[in-house]
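Here's the structure, in structure tokens; my notes come after.
The values are calculated or read from the model by the stated rules, or taken from the named source; none is laboratory data. These numbers were taken from a predicted model, which means no experiment stands behind them. No Cβ is skipped: glycine too gets one built from the backbone with ideal geometry, and neighbour counts run over all protein chains shown. To get the accessible areas, we keep the full protein, side chains included, count just its heavy atoms, and leave off ligands, DNA and RNA. Shrake-Rupley method; radii C 1.70, N 1.55, O 1.52, S 1.80 Å.
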Amino acid sequence: MEKLGIVAGMGELPVLMAQAAIDYGRSPVVVPITKNPSERLADVSSEIYPAGIGQIQKVTRIFLESGVREIVIIGKIHKSVLLRPFLLDSTAAKILASTRKKGIRASIAAVIDSFESKGLSVIEQHRFLEGLMPKAGVLSKKQPTASEWKDLRYGMQLARQVANLDIGQTVIVKSLLPIAIEAIEGTDAAIQRGGELGGKGIVVAKAAASNHDFRIDVPTVGSETLKALHEVNGSVLAVEAKRTFVVNQEALCRQADLWNVSIVAVE
């Protein structure tokens with residue numbers, strides 16, 4: 001059976017990728033690079049080799065020695081690692097030094113180039129997970145109000161611009177006013193800050209850059225995103241249709257309806 005290497009961050013996406021690989025006739029070789037990978041990884045792969053988040057040389061060696069030729073990088077990885085150079089091996093440190101002023105995407109793209117220079121082809125995250133990317137429409141039973149539709153469309157425009165600047169992917173708006181913009185803190189923290197500033201009824205929009213490299217990541221929402229929105233009494237979660245992972249969509253939408261939150265996929 002042909003193998004698929006999985007560089008696994010936090011969350012359920014690495015588990016879903018490993019299971020999808022098996023469904024497609026691939027044997028997953030998983031390298032968790034965070035301190036808290038999903039415990040479920042052991043249920044779907046017998047080949048698990050932990051490594052540090054900045055140990056590019058070790059990760060490369062593990063895959064090559066395991067007979068892997070294609071890999072995918074998937075799961076949540078905190079961007080703050082870029083501020084902790086002591087975690088990086090010499091290859092990672094050189095990459096960070098050469099790309100620091102070019103943005104996070106440039107740094108990760110350079111990591112991908114390093115893998116590929118050693119004979120490891122890095123594939124797009126959604127190759128085996130297209131079922132997680134919804135088509136355009138209201139996914140929840142709860143429909144946005146007329147004013148919320150205005151906010152989510154405006155928020156999506158802003159989110160795309162912010163993503164194009166390589167700042168973040170999430171924007172929080174209310175009454176056509178930008179309330180908070182995600183930066184290095186991540187989506188959930190940005191939602192919390194937006195709720196503190198905007199109060200009840202904020203709208204969250206998440207988008208990818210127009211030239212987004214889906215080998216680097218796919219914008220993703222799931223139960224933690226929805227919980228963060230609920231805790232600040234937010235009203236709408238808007239994502240890009242066919243360009244965002246919505247994890248466990250059916251269960252997520254059931255919970256959204258219970259919490260009176262609309263989830264919308266925008267073309």
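Kindly list the number of the only condition in (1) over 26 Å from Glu185 (Cα atoms); (2) at pLDDT below 95; (3) buried (at least 22 other Cβ atoms within 10 Å of the Cβ) that fails for Val29.
(2)
Considering only residues that are touching a residue at least 12 places away in the same chain (Cβ under 8 Å) and either in a helix (DSSP H, G or I) or of a type in the set (Lys, Arg) (or both), which ones fall in the range 239-250?
Across the range 239-250, the qualifying residues are Lys242, Arg243, Gln249.
Just to be sure, is Ser107 open to solvent by 30 Å² or more (accessible area, probe 1.4 Å) and part of a helix (DSSP H, G or I)?
no
List the number of the failed condition for Ala256; all other conditions in (1) more than 18 Å from the chain's Cα centre (by Cα); (2) in a helix (DSSP H, G or I); (3) closer than 17 Å to Glu182 by Cα hold.
(3)
Being closer than 19 Å to Asp217 by Cβ, open to solvent by 40 Å² or more (accessible area, probe 1.4 Å) and touching a helix residue (DSSP H, G or I) at 6+ places or on another chain (Cβ under 7 Å) narrows it down to one of Ile53, Ile74, Ile95, Ile48, so name that one.
Within the list Ile53, Ile74, Ile95, Ile48, the selection yields Ile53.
Of the residues Val59, Val72, Val29, which single one is touching a Lys or Arg at 6+ places or on another chain (Cβ under 7 Å), touching a residue at least 24 places away in the same chain (Cβ under 8 Å) and not charged (D, E, K, R)?
Val29
Taking the range 138-163, which residues are open to solvent by less than 10 Å² (accessible area, probe 1.4 Å) and touching a Cys at 6+ places or on another chain (Cβ under 8 Å)?
Correct list: Ser140 only.
Looking at (1) within 30 Å of Ala110 (Cα to Cα); (2) under 16 Å from the mean Cα position of the chain (by Cα); (3) open to solvent by 10 Å² or more (accessible area, probe 1.4 Å), which is the only condition Ala208 fails?
Every listed condition holds for Ala208 apart from (3).
Identify the single condition in (1) closer than 23 Å to Phe214 by Cβ; (2) in contact with a strand residue (DSSP E or B) (Cβ under 6 Å, 6 or more places away or on another chain); (3) at pLDDT 90 or above; (4) open to solvent by less than 40 Å² (accessible area, probe 1.4 Å) that Lys3 does not satisfy, given that it satisfies every other one.
So the condition that Lys3 fails would be (4).
Please verify whether Val122 is touching a Lys or Arg at 6+ places or on another chain (Cβ under 9 Å), surrounded by 19 or more Cβ atoms within 10 Å (Cβ to Cβ) and at pLDDT 95 or above, treating the condition exactly as stated.
Considered against the rule, which asks whether it is touching a Lys or Arg at 6+ places or on another chain (Cβ under 9 Å), surrounded by 19 or more Cβ atoms within 10 Å (Cβ to Cβ) and at pLDDT 95 or above, Val122 comes out as yes.
State which residue is nearest to Lys94 (Cα to Cα) when the search covers only the range 12-65 and only residues that are within 22 Å of the chain's Cα centre (by Cα) and part of a strand (DSSP E or B).
By that ranking, first place goes to Gly54.
On the basis of being modelled with pLDDT under 95, over 22 Å from Gln255 (Cβ atoms), of a type outside the set (Gly, Ala, Ser) and open to solvent by less than 40 Å² (accessible area, probe 1.4 Å), does Ile216 make the cut?
yes
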